[in-house]
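Novice: Just passing along the structure, written as structure tokens.
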Amino acid sequence: MNMQFCDVCEKPLPGRGLNDSHVCAGCVANGKRRTIERAEADRVSVWPSICPSAFREIDRDRLPDPGLLDRVLAWQFGAQGLSVFGRTGRGKTRCIWQVLRREYLAGRDVLALDGFELSKFPRMLMADGGEADEFLDAAAEAPILFLDDPFKCVFSPRIEEAIFSIVDRRTAWGKPIVLTTNDTGETLQQRVSVERGAALVRRLRDYSQQVVA
């Protein structure tokens, strides 16, 4: 019987090559490892274009509450999102970006929206070409959506409608929302219409891990 050899390392194969390619298990594993390493390196190089420069590095000891970083990093990706609420200046956004970096480097894409981005939505509705629908679809379908103090913008009916639509679609499909806000459930409900306020607060509470900053 003719001896078979690995096409990569040329070592004898104990049997037929994997997937009829005559490649040994060790070389297959090494190839997968190199592919993963290349993908990780690519994501490291792209990350600065996603994360604002002010939040790329963090000094834990200089945070108002260093323990907040630990509580936030304890979150694990899944259907349950993460809501961090507390007054301004507690380091909420800085800590969240460390979680997002971890998840992005693990292969999960991140979409970040703040009040400024959301404030553009009414103008999108007036434009041709379906820009508003594309915006909502992207926010609803991203593996991880980060809403950074989204309620700071002027809360017009159109923006309220957009936020509720995004939250409703994501919670229904088990896609996590990462949220920072100065509001509590009670204060948020006071700012939102009666038709959507209670439902919005309930979804954010039921589908996220709560962390107080």
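The values are calculated or read from the model by the stated rules, or taken from the named source; none is laboratory data. Predicted, not measured: the structure shown is a model, and the values here were computed from it. Ideal geometry is used to build each Cβ from the backbone, glycine not excepted, and the neighbour counts take in all protein chains shown. With ligands, DNA and RNA removed, areas are computed over all heavy atoms of the protein, side chains included. Shrake-Rupley method; radii C 1.70, N 1.55, O 1.52, S 1.80 Å.
Novice: Using Cα positions and a limit of under 18 Å, work out the aspartates and glutamates in reach of K92, with same-chain residues fewer than 8 apart set aside.
Specialist: Straight-line reach from K92, under 18 Å: E57, D59, D61, D65, D70, E103, D114, D148, D149, D183.
Novice: Here's something else I'd like to know. Roughly speaking, to the nearest percent, how much of the chain's 1.4 Å accessible area is carbon and sulfur?
Specialist: Working: 6370 of 12210 Å².
Roughly 52 percent, rounded to a whole number.
Novice: Still on this structure: Assuming R0 = 45 Å, can you tell me the calculated FRET efficiency for the pair Q80 and K11, based on Cβ-Cβ distance, to the nearest 0.05? The partial results should precede the final answer.
Specialist: On the way: r = 47 Å, r/R0 = 1.04.
E(calc), rounded to 0.05, equals 0.45.
Novice: Still on this structure: Counting pairs of alpha carbon atoms under 8 Å apart in space and at least six apart in sequence, what relative contact order in percent does the chain give? Write out the running numbers ahead of the final one.
Specialist: Details: 271 pairs, mean separation 50.6, N = 213.
The value is 24 percent.
Novice: Please give the charge dipole size of segment 125-178, origin at the Cα centre, charges +1 on K and R Cβ atoms and -1 on D and E Cβ atoms. Round to the nearest 20 debye.
Specialist: Values: 5 positive and 11 negative charges, 56 e Å.
The dipole magnitude comes to about 260 debye.
Novice: At 7 Å along the Cα-to-beta-carbon direction for both Q4 and N30, put a label point, then send me their distance in nm to one decimal.
Specialist: Distance between the two pseudo-spin positions: 1.9 nm.
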